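Undergrad: Sharing a structure below in C-alpha cells format, with a few things to ask.
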Amino acid sequence: MIYENSIAFRQALEDRLTNLAAETSVPLPRLRKLVAKVAAKFLHEQLAAVSAKVVA
C-alpha cells in the first residue's frame, strides 16, 4: 500500500498497533519498540547493501 504522506503512514501504523495491542494484550509501547527495532535492522541492512555496491 502506498500512503499519501508520512503522516498518513504513521497514522495507519499507529491504528494497526493499537488494534493489535487490544487483540493480544501486548502493551502498545512494547509493540512500538518492536516495530522500531525491526525498522532499524531493515534500514541497517539496506544501507550495508548500498555501501557494498558503492565499494565494489
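Undergrad: Which of (1) modelled with pLDDT under 95; (2) in contact with a helix residue (DSSP H, G or I) (Cβ under 8 Å, 6 or more places away or on another chain) is the odd one out, the single condition S51 does not satisfy?
TA: Exception for S51: condition (2).
Undergrad: Now a separate question. Could you give me the residue pairs with C-beta distances under 6 Å whose first residue belongs to segment 1-27 and is without any contact (Cβ under 8 Å) to a residue 60 or more places away in the chain and farther than 16 Å from V38 by Cβ, whose second residue is loosely packed, with under 10 Cβ neighbours inside 10 Å and aromatic (F, W, Y) wherever it lies, and which are 6+ apart or on separate chains?
TA: Hits for this filter: zero, empty list.
Undergrad: Output the number of the condition that E23 fails; it satisfies all remaining conditions of (1) in a helix (DSSP H, G or I); (2) surrounded by 10 or more Cβ atoms within 10 Å (Cβ to Cβ).
TA: It fails just one condition, (2).
Undergrad: A follow-up question, please. If E4 passes every condition in (1) outside any helix (DSSP H, G or I); (2) surrounded by 10 or more Cβ atoms within 10 Å (Cβ to Cβ); (3) not hydroxyl-bearing (S, T, Y) but one, which one does it miss?
TA: Looking at each condition in turn, E4 falls short on (2).
The values are calculated or read from the model by the stated rules, or taken from the named source; none is laboratory data. Note that the structure is predicted; figures quoted are calculated from it, not measured. When we count neighbours, we look across all protein chains shown, and the Cβ atoms used for this are built from the backbone with ideal geometry, even at glycine.
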